[in-house]
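Report on one structure; see the data block that follows.
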Amino acid sequence: MDRITQEANPDTQVLNELLFADDQCLIHHSSEELQTHTNNLNEACQKYNMSISIPKTETMLISRTPQDLNITINNIPLQQSKEFKYLGSIFTEDGKLDREIETKMSEGQQHNILAGPSPVTPFCTHGSQKNHHQQHLHPHPLLSITNLDHEQKY
């Protein structure tokens, strides 16, 4: 898999891939860059008799305003998601952390039921910090290529 990843990456000077086991997440600033990387990855997989599972592959554009992201593999459009979970964290298309916070708070409350009340507040945010982070939010097309089909084609 390392060889495929190296061959497919169009820009090795930038962190644009997250890898964990057989999951791969591609991150780019434009849909054109993402499509190029996706095409390169698909070609590298085919070179080694592997394929990307299109039904298990999804895209996401992180932006303040919802937009369509038309990424394809072999001219087949990939599903665009509004949110997905990656390594236990929830990513949403608006870039906000609301769903992640809700989930973590809910998980914390479930643990408190079993363990009893906690004297420590688990989480605190300040409005000025939240607004500061939102000002720097730029659209980032995100492709999650999960569960690469490692079976050889015959």
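On the protein heavy atoms, probe 1.4 angstrom, tell me the percent of accessible surface of the stretch 1-116 carried by carbon and sulfur.
51
How much length, in nm to one decimal, is gained on full extension between Tyr86 and Asn39, taken as 0.36 nm per residue of separation minus their Cα-Cα distance?
Extra length available between Tyr86 and Asn39 comes to 14.7 nm.
Determine, for each peptide in 29-37, 55-63, the mean count of other beta carbons within 10 angstrom over its residues, then list the peptides with the highest first.
Packing order, densest peptide first, comes out as 55-63, 29-37.
For every other residue with a beta carbon closer than 14 angstrom to the beta carbon of Gly88, add +1 if it is Lys or Arg and -1 if Asp or Glu, then tell me the sum.
For residues surrounding Gly88, the net value is -1.
Stretched out fully, how many nm does the piece from Asp23 to Leu97 gain, at 0.36 nm a residue minus the Cα gap?
24.4 nm
With a 1.4 Å probe and all protein chains kept in place, how much accessible area does Asp98 have, in Å² rounded to the nearest 10?
Number for this one is 70 Å².
Suppose accessible area is computed on protein heavy atoms with a 1.4 Å probe; arrange Lys85, Lys104 from highest to lowest.
Lys85, Lys104
The values are calculated or read from the model by the stated rules, or taken from the named source; none is laboratory data. Everything numeric in this text was worked out from a predicted model, so none of it was measured. Counting neighbours? That spans all protein chains shown, and the Cβs are built from the backbone with ideal geometry, glycine included. To get the accessible areas, we keep the full protein, side chains included, count just its heavy atoms, and leave off ligands, DNA and RNA. Shrake-Rupley method; radii C 1.70, N 1.55, O 1.52, S 1.80 Å.
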